[in-house]
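I have placed the structure first, in the form of C-alpha cells, so that the comments after it can refer back to it.
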Amino acid sequence: MTLENLTKEQFIRDFKDTLHEEQLIKVPAATPAELFTTLAKVIRKYYTDSWLERNRKLSEEQQKIAYYFSIEFLPGRMLETNLLNLGILDLVKAGFADLDVDFEAVKNAEHDMALGNGGLGRLAAAFMDSLATTGYPGFGNGLRYKYGLFKQRIVDGYQVELPDSWFGSIGNVWEVRKDHDVVDIKLFGDVYLAIDENGKFSPVYKDAQVLRAVPYDVPQIGFENGNINNLRLWDVEIPEEYELNYPTLADRRAVQDITAILYPDDSNYEGKQLRLVQEYFMTSAGLQTIIKSYLKQGLPLENIHEKVSVHINDTHPAVAPAEFMRLLVDEYGLEWDAAWSTTVQTMSYTNHTILSEALEKWDAGLFKKVLPRVYQIILEIDNRFVAGLAQEGRDADLIERTRIVKNGQIHMANLAIIGGHSVNGVAKLHTELLKEDTLHDFYVLYPEKFNNKTNGIVQRRWTQIAAPELSAAIDETIGKEWRKDIHQLKKLEAFADDDAVLANFYQVKQEAKARLAKYILETTGVEVSTDAIFDVQVKRLHAYKRQLLNVLHIIKLYWDLKDNPDKDMVPRVFIFGAKAAPGYHFAKSVIKLINELANLINNDASLQSKLKVVFLENYNVSLAELIVPAANVSEQISTASKEASGTSNMKFMMTGAITLATLDGANIEIKDECGDDNIVIFGLTKDEVYDHYAKHDYYSRGVYENNPVLKRVVDTFINGTIPNSQSEGSEIYDALITQNDEYFLLADFDAYVSAQERIDSLYRDQRTWSRMSLMNIATSGKFTSDDTITEYAEEIWNLKK
Ligand SMILES: *Cc1c(COP(=O)(O)O)cnc(C)c1O
C-alpha cells in the first residue's frame, strides 16, 4: 500500500473494517482506547511493507549502521508523530471528523512512552526521529521498562510518586517482538581461565546465571520519506532450559526486576547492583546481535568498524568497549590487538554533564561479583593503557588520574574515552569545559577525539504537532516550505516590522495561552488571565537549575505588592512543572514550598490577580506540548557552567517565547542566533563562577546581610509568612545561608530582578515584544535535531544515506 494514493474514503473503510474485525464493535459505541488501538493497527498495516523493505535493503546493500545505545528514550506519544511523518495526519483527522470521532480524545488515549527522565532521554528519542528523517541508517538500543518514569501527584503540596504502568490495558501498540533475535546474557558466578582444545586460554564460567534477552522493535518513521528505522528495546526472560533454577515466584520476580523500572535519577547516579545489571544487560544484548548480523555479511570481524558504529549515550552503556572485547576475544577468537583496534574505531561517547555526582563510578568489588569476566577484561585494558602511557614517558600523576580502575572504583567515563575514538559535549560551552577542565587530562592525551555536537529538538513535534495555530500562521506568512526545511523560517525576518503579521502571531500566542489557561483551571482550580505574562520554568527539579531563584523573585514581587498594591506591573503568571528524584530531599522541599507559596499568593485578594503561581503536576512530553507554545518567557536560569546544553530552551525559542537566561549551555548559542536584542541575559558568567571557585571568595551570608530587599525575601522562608512549610523553609534557608549557597542564587539575585524588570517593560509594548518573538522563531532553525544527527552521522559515525 503506497500512502500517496490513500484517500479519506479508503481510510474510513480500513478503519471501520479493522474496528469491526478486531474489536467486534461499531464506531459510536467504541471507547477512545478502542479507537486508538484500532487506528494504530490500521496505520501499522500502512507502514509494514516499508519497514520490511528498509530492513531488507540495509542488509542487502551492506551499509554502515550506527547503533545508539541509551538507557533512556523519552518519545512521549507516538500517534501524531507517526501520522504526520507518514503524511496522513490531516487525512486521518478529516476521516475522523466524517465519522464523528473526537481526534483529541483518541490521541489522549495513548499513554506517554516515558522511558526517560528528562533532556537526555528526550534527546535520544529526537535522534531516532531525525535519523529516520535524514535517511541515515541508525538504530536505537535500550531497555523495555515495564514502568516508565513515575507519575507525579501533588498531595497537600508534596510530591507523591506513583508507578507509571504505561502498558496499561492497551500494551505498546507500536512494538514488534523479534523472537529470532533473542540472545543469552551471563551474570555472576566465577570465571577461570583454562587451556582449550586449540591450546589457547579461554574463560570457563562456573555457576553463572543465564538470562534471555528478548528484543522488541519500535518503528521510527521518517518525515514524509518512507524510511523506517528500529528502536530496539530489550526485555528479560528466563530461558526454558534454566527454569528449574527459579522454583519460586520470588525467584522469577527477581529476574523480571531487571526490566521493571527506570531509575528516576536525573543528573545523578545510585551505585545499585540492579542498575549495573540493567546497563550490562542492554549493552551485551545489543552488541551480541550486532556482531551476529554483521557476520551474516561474510566480512572479517576485525573490520567490523567499517560497517558498525556503537554510540555510548552518557556512561550508562560505557561497559560497551569491555563487553565488545569480551565477545571478540573470548567468543570469536580474535587476537587482543586486532580486537582492540576495531573496538576503539567502533565506539564513540557523548558526555552529558560536568556534575561530579553524575559521573558513574562502580565499586570494583560489586562489579567483579556481577560481571567477573568483564572485570578481568577491564583490568587488562587498564593495565595496557597504563603501560602504554608509561612507555611514552607520560607524567605519573596524569596516568593515575586517567586510568580506569583506582581506589577500588571503576571509572566508566574513562573506559568510554579510552575505548572509543570520539568524545563529544552537547553545546559549545560544555565541550570547552570538558576540554579545559572536567576531561582536561584526556584532552591532553587525545585532542583529536574531542568534538562538539550541540543538542537539538525535533522541530515537527514542537511546531506542527504542538502548535498548529502557529504553524498555520507561518504558512500564511512564508508558505509551507518550512515544514520540510526548517531553515526557511529565516524568511520570517523580512516580516519583523509588518504590523499585520506581528498581530497575527500575537493572536496565535493568545490562543495557545487560552488553551493552557483552560487546562490550569481544570486541573488546579486557579484562574489565570491571558493578558498576564506567562512566565514558564518546566524541567527536572534540580538545585543547579535554580527553580529557587525564580521563587526568590516571586517572593520579592509579593512583598512589593503587599507594600504597594498599586505597583505598576504587567500581571504575571509563574508556571512550574518539575519532577524531583524520589530520594532528592532538597528538590522535594522546593516543590512543597512552591505549592505553599502558590496557595498563599493565589488566595490573597489584595494582590488583585497581578501575581499567580501555578505548579502543574506530572510534567512530561505531552504536558510540554501544551505548555511550551503558550509561554511568553522561557526561564533558563541555571548557574553558568552547570547546564550542559538544555533543550527546552530550544523548544520555547522556536514557538516564540523570549528567553530569560544565564550564559550557560545552549543559551549562548540561542543568543548568537537571535541576537542580543531578542533575548534577556543576566548573571554570573562561567568565568566569574570559576573565579569564585578558585579564590574561595564567595560568602553568601555577606551578600544576604548587605542587601535588605534580598534579606527580607530570604527571611520569608523562616518567618512563618508561607504557611505549612516550616521544615522545608528552614532547609532552604540553610542551603542559602549556612551552606554558602552552592549555586550562587544570592550572587545573581539583583541581576535577575533587573532582568525581570526588563521583561516587564518590554512586554508593555506589544509591538516590540511581538517583534522579538518573531525574531526568535525566525532564527530557531539552527536547533533542529535533523542537523545535529547529520553531524553525528558524518563526523563521528561516517555513515551514508
Ligand atoms: C525537553 C524536555 C526536557 C528537557 O528540559 P530542559 O529544560 O532542557 O532540562 C525534560 N523533560 C521533558 C518532558 C521535555 O520535553
Among the helices (runs of 4 or more DSSP H) contained in the range 593-703, which hold 1 or more residues that are of a type in the set (Gly, Ala, Ser)? 621-627, 648-654, 686-695
Residues of the range 230-262 being polar (S, T, N, Q) and either surrounded by 17 or more Cβ atoms within 10 Å (Cβ to Cβ) or assigned to a helix (DSSP H, G or I) (or both), in sequence order, are 230, 245, 256, 259
How about the range 143-182: which of its residues are in a strand (DSSP E or B), touching a helix residue (DSSP H, G or I) at 6+ places or on another chain (Cβ under 8 Å) and either more than 16 Å from residue 76 (Cα to Cα) or not assigned by TED's automatic domain parsing to the domain that holds residue 239 (or both)? 154, 158, 159
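Mind counting the residues in the range 444-500 that are among the charged types (D, E, K, R) and either free of Cβ contacts under 8 Å to residues at least 40 places away in the same chain or touching a strand residue (DSSP E or B) at 6+ places or on another chain (Cβ under 7 Å) (or both)?
Filtering the range 444-500 for residues among the charged types (D, E, K, R) gives 448-449, 453, 460-461, 469, 475-476, 480-481, 483-485, 490-491, 493, 497-499.
With either free of Cβ contacts under 8 Å to residues at least 40 places away in the same chain or touching a strand residue (DSSP E or B) at 6+ places or on another chain (Cβ under 7 Å) (or both) added as a condition, the list becomes 448-449, 453, 475-476, 480-481, 483, 485, 498.
Of the residues in the range 444-500, 10 are among the charged types (D, E, K, R) and either free of Cβ contacts under 8 Å to residues at least 40 places away in the same chain or touching a strand residue (DSSP E or B) at 6+ places or on another chain (Cβ under 7 Å) (or both).
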With the structure loaded, tell me whether residue 199 is open to solvent by 20 Å² or more (accessible area, probe 1.4 Å), in contact with a Ser or Thr (Cβ under 7 Å, 6 or more places away or on another chain) and farther than 23 Å from residue 352 by Cβ or whether it fails that test. no
Of the conditions (1) open to solvent by 60 Å² or more (accessible area, probe 1.4 Å); (2) not in a strand (DSSP E or B), the single one that residue 131 does not satisfy is (1)
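Okay, residues lined up against (1) without any contact (Cβ under 8 Å) to a residue 60 or more places away in the chain; (2) farther than 22 Å from residue 667 by Cα:
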site	(1), (2)
530	yes, yes
551	yes, no
556	no, yes
562	yes, yes
570	no, yes
Answer yes or no: is there a residue in the range 605-626 that is farther than 20 Å from residue 534 by Cβ and surrounded by fewer than 19 Cβ atoms within 10 Å (Cβ to Cβ). yes
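Which residue, of 716, 790, is more than 27 Å from residue 557 (Cα to Cα) and either open to solvent by less than 50 Å² (accessible area, probe 1.4 Å) or not aromatic (Phe, Trp, Tyr) (or both)?
So the residue among 716, 790 that is more than 27 Å from residue 557 (Cα to Cα) and either open to solvent by less than 50 Å² (accessible area, probe 1.4 Å) or not aromatic (Phe, Trp, Tyr) (or both) is 790.
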State whether one or more residues within the range 528-547 are part of a helix (DSSP H, G or I), in the same structural domain as residue 470 (by TED's automatic domain parsing) and away from the ligand (no atom under 16 Å from the Cβ). no
Mind checking whether some residue in the range 504-523 is open to solvent by 60 Å² or more (accessible area, probe 1.4 Å) and aliphatic (A, V, I, L, M)? yes
Test: residue 595 is modelled with pLDDT of 95 or more, closer than 18 Å to residue 159 by Cα and among the polar types (S, T, N, Q): yes
Among residues of the range 196-228, those that are modelled with pLDDT of 90 or more and part of a strand (DSSP E or B), counted: 18
Since residue 229 meets every condition but one in (1) in contact (Cβ under 8 Å) with a residue 24 or more places away in the chain; (2) more than 21 Å from residue 46 (Cα to Cα), which condition does it not meet? (2)
So which helices (runs of 4 or more DSSP H) are wholly in the range 414-515 and hold at least 3 residues that are outside the structural domain of residue 379 (by TED's automatic domain parsing)? 468-478
Condition check: closer than 13 Å to residue 519 by Cβ and of a type outside the set (A, V, I, L, M, F, W, C). Does residue 635 satisfy that? no
Identity of the residue in the range 180-195, open to solvent by less than 60 Å² (accessible area, probe 1.4 Å) and over 32 Å from the mean Cα position of the chain (by Cα), that ends up nearest to residue 207 (Cα to Cα): 189
Exactly one of (1) within 23 Å of residue 317 (Cβ to Cβ); (2) more than 16 Å from the ligand (Cβ to nearest atom) is unmet by residue 394. Its number? (1)
Out of the range 600-626, which residues are under 31 Å from the mean Cα position of the chain (by Cα) and away from the ligand (no atom under 16 Å from the Cβ)? 612, 613, 614
Tell me, yes or no, whether the range 263-286 has at least one residue that is open to solvent by 10 Å² or more (accessible area, probe 1.4 Å), free of Cβ contacts under 8 Å to residues at least 12 places away in the same chain and part of a helix (DSSP H, G or I). no
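Please pick out the residue among 648, 638 that is within 12 Å of the ligand (Cβ to nearest atom) and touching an Asp or Glu at 6+ places or on another chain (Cβ under 6 Å).
Numbers: 648 fails: touching an Asp or Glu at 6+ places or on another chain (Cβ under 6 Å).
Only one candidate passes the filter, namely 638.
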Take the residues in the range 548-589 that are assigned to a helix (DSSP H, G or I) and within 16 Å of the ligand (Cβ to nearest atom), then tell me which one is farthest from residue 355 (Cα to Cα). 550
Report, by residue number, each residue of the range 311-363 that is in a strand (DSSP E or B) and closer than 17 Å to residue 421 by Cβ. 311, 312, 313, 347, 348, 349, 350
Where residue 309 falls short, out of the listed (1) open to solvent by 50 Å² or more (accessible area, probe 1.4 Å); (2) under 23 Å from the mean Cα position of the chain (by Cα); (3) within 25 Å of residue 59 (Cβ to Cβ): (1)
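The values are calculated or read from the model by the stated rules, or taken from the named source; none is laboratory data. Keep in mind the model is a prediction, meaning the values are calculated, not measured. Ideal geometry is used to build each Cβ from the backbone, glycine not excepted, and the neighbour counts take in all protein chains shown. The accessibility values were calculated without ligands, DNA or RNA, using every heavy atom of the protein model including side chains. Shrake-Rupley method; radii C 1.70, N 1.55, O 1.52, S 1.80 Å.
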